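Just so it is clear, none of the values below were taken in a lab; they were calculated from the coordinates. Please read these numbers as outputs of a predicted model, since none were measured by experiment. Glycine gets a Cβ as well: all are built from the backbone with ideal geometry, and neighbour counts include every protein chain shown.
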Amino acid sequence: MSFYPFSLNKNEEFQNTYIERIMMPISRKTQQLKMVRKPKDVTQFFQYAMRLKYVKRAGWISKVKVQNPESVADHTFSMCAISMVLSDILGLDTQRVMKMVILHDLAESIIGDYIPGQISEKHKRLKEKKAINSILYCIPSDLRGNYRKIWNEYLQNKTDVAQLVHRVDKIEMMLQAMQYAKEGYPKKLLHSFLNCAKRRSKS
């Protein structure tokens, strides 16, 4: 099922040429440090990230009937802004927090967004793992292992960083529910989102 209106392979030559220019070393020193990676290693990863703009958050559609709901990309960006500030205030590893926020729903660029109970948690995790492996395969191996560790850390939810990201996930949902209430959507339909966010943000 396609969630976005363009092909991963479309204009591939242009994409690679443009990215190659961006990554062109700005000095001999950076060239000596071998910091330049081949564009083909990362272009498809960028496309997966772009897909999230076209994956709508399913709960707002199925339960609240929002006409133009936020996308997963919208949700992720808001989480990034919230997490950045809270992480700095708490003195956590903000760089790791931001990476975790960006990665946490990235698998949905392939599998889409499921509402709770739509499929079993076990089945969902298996689909997510397969998807994230496909996505991370598109980047250099030295980055791949680190990103996978961060994604697994999020799933396990044991570290301070992971727990912050999980709480911000629910805080963002609560703020979005409040925004939809201001836009005139029935509060009784938004009640479950608000309660869920309040419970999980305290856990």
key: Rounded to the nearest 20 debye, dipole of the range 42-202 from Cβ charges on Lys, Arg, Asp, Glu   = 620 debye
key: From phi via Karplus (6.51, -1.76, 1.60), per-residue ³J(HN,Hα) for the range 85-98 in Hz, x at Gly/Pro   = 5, 5, 5, 5, 4, 7, x, 8, 7, 5, 4, 5, 4, 5
ask   = What does the highest-first list of 136-142, 68-74 look like by mean Cβ count within 10 Å?
value = 68-74, 136-142
ask   = Karplus couplings for the range 166-182 from phi (6.51 cos²θ - 1.76 cosθ + 1.60, θ = phi - 60°), rounded to Hz, Gly and Pro as x?
value = 4, 5, 5, 4, 7, 4, 4, 4, 5, 5, 5, 4, 5, 5, 5, 5, 5
task = Provide the net charge surrounding Gly145, with neighbours chosen by a C-beta distance below 14 Å and charges set as Lys +1, Arg +1, Asp -1, Glu -1.
result = +2
request  = Give, as a single signed number, the net charge of other residues whose beta carbon lies under 11 Å from the beta carbon of Glu108, with Lys and Arg counted +1 and Asp and Glu -1.
outcome  = +2
ask   = From the phi of every residue in the range 51-58, what ³J(HN,Hα) in whole Hz does the Karplus formula 6.51 cos²θ - 1.76 cosθ + 1.60 yield, where θ is phi - 60° and glycine or proline is x?
value = 4, 4, 5, 10, 9, 7, 6, 5
inquiry  = Please report the net charge: other residues with Cβ closer than 12 Å to the Cβ of Ile135, K and R +1, D and E -1.
reply    = +2
remark   = Per the charge dipole of the range 42-202 (beta-carbon charges, Lys/Arg positive, Asp/Glu negative, Cα centre), the residue among Ile115, Ala131, Ile150 reaching farthest to the positive end is Ile115
